[in-house]
């Protein structure tokens, strides 16, 4: 199917997802997968846990912190770059050398703000806004960064593709004096003004994203760098502040984004908390979604964040006290033979732990235990 015809079909929601021919979530969705040990999935560390401005995550202090808690694979952020977002190759080599010195794999780089349109903070990349010829110049920066990642042997890049920022609107008390981020969709959300991005329809979003993939994937394939897209956080109703997010219907959005390309270098950073926050009953429905995307071999990284609540109303909690059964979810990842890292994400905060290292230490240990327990079953 030609790309322009594909995008029209995707917008209409009529394309069948690849590899799976039975109805999703029906009794005939898929036969139960046989339990199989998975010695490839592992706990990983993100630069979320650094919480020191300008620190990329490859310092001796941070790497030893990760190693003490069983983490040997990390995602890092390149802070040293030109104003246009071009990464400094010497800085990247230094980061890679730091990791190699301590026996840690630098497995992923965070693309950062290069693609994150955030009109509230006046960050407006023309790629996500669909503005030519400005986006033609910006895409060259992205392609250059992919080449540099490949040159130093980093196999993946994670990125956001969003116009609205991450949405949270308060905190609630949690256990041990900690506090939890929360989101409650405004009662008057339909009356909120549009952002400076104006009206962005689903068709516009898919066209812009397809334009991006058409240019990025050939370079990603040449340099063997997987491109992992993070879902917008959280899923929002169509037209929220003028923007239609592709994951307003989480399942259909994931089916469409997986179908855009069968390239093994096009996939997702599957944020469990974000997927859960788009479901009315995450504790029941999320496992089949993870199974579905996992069988497409489109999961390149997993953020393991738990929530209490669901669609439009939730709080981010510790991984052992949310509505999603993480042991059950890890077994799904085991059975689909997910081969990469599982990272704690958005841990609760406490004033005695300003860098959130305590929270992430708990997350690393929790994930490690889940993986060992799941594999011990088979």
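The values are calculated or read from the model by the stated rules, or taken from the named source; none is laboratory data. The shown structure was predicted, so the numbers you read here are calculated from the model rather than taken from an experiment. Cβ atoms come from the backbone with ideal geometry, glycine included; neighbour counts cover every protein chain shown.
Any idea which residue in the stretch 52-84 is modelled with the highest pLDDT, counting only those that are crowded, with 20+ Cβ neighbours inside 10 Å and more than 26 Å from residue 371 (Cβ to Cβ)?
Among them, the one singled out is 78.
Which one of 135, 168, 94 is at pLDDT 90 or above, under 26 Å from residue 238 (Cβ atoms) and in a helix (DSSP H, G or I)?
135
Given the residues 268, 236, 304, 329, which is the only one that is touching a helix residue (DSSP H, G or I) at 6+ places or on another chain (Cβ under 9 Å), touching a residue at least 60 places away in the same chain (Cβ under 8 Å) and closer than 25 Å to residue 47 by Cα?
Details: 268 fails: touching a residue at least 60 places away in the same chain (Cβ under 8 Å); 236 fails: closer than 25 Å to residue 47 by Cα; 329 fails: touching a residue at least 60 places away in the same chain (Cβ under 8 Å).
Selected residue: 304, the only one of 268, 236, 304, 329 that is touching a helix residue (DSSP H, G or I) at 6+ places or on another chain (Cβ under 9 Å), touching a residue at least 60 places away in the same chain (Cβ under 8 Å) and closer than 25 Å to residue 47 by Cα.
Every residue in the stretch 220-274 that is surrounded by 23 or more Cβ atoms within 10 Å (Cβ to Cβ) and over 17 Å from the mean Cα position of the chain (by Cα), please.
220, 243
Sort through 220, 197 and tell me the only one that's closer than 21 Å to residue 151 by Cα and in contact with a strand residue (DSSP E or B) (Cβ under 7 Å, 6 or more places away or on another chain).
Values: 197 fails: closer than 21 Å to residue 151 by Cα.
None of the others qualify; the one that does is 220.
Is it the case that residue 231 is modelled with pLDDT under 95, touching a strand residue (DSSP E or B) at 6+ places or on another chain (Cβ under 9 Å) and within 22 Å of residue 308 (Cβ to Cβ)? I'd like the intermediate steps shown before the answer.
Details: modelled with pLDDT under 95: yes; touching a strand residue (DSSP E or B) at 6+ places or on another chain (Cβ under 9 Å): yes; within 22 Å of residue 308 (Cβ to Cβ): yes.
Taking the combined requirement at face value, the residue satisfies it.
Scan the stretch 177-209 residue by residue and report those that are exposed (fewer than 14 other Cβ atoms within 10 Å of the Cβ) and either in a loop (DSSP other than H, G, I, E, B) or touching a helix residue (DSSP H, G or I) at 6+ places or on another chain (Cβ under 7 Å) (or both).
186, 187, 188, 192, 193, 196, 198, 199 - these are the residues of the stretch 177-209 that are exposed (fewer than 14 other Cβ atoms within 10 Å of the Cβ) and either in a loop (DSSP other than H, G, I, E, B) or touching a helix residue (DSSP H, G or I) at 6+ places or on another chain (Cβ under 7 Å) (or both).
Give the residue, chosen from 287, 318, that is surrounded by fewer than 23 Cβ atoms within 10 Å (Cβ to Cβ), within 22 Å of residue 42 (Cα to Cα) and free of Cβ contacts under 8 Å to residues at least 60 places away in the same chain.
Values: 318 fails: free of Cβ contacts under 8 Å to residues at least 60 places away in the same chain.
Exactly one residue qualifies, and that residue is 287.
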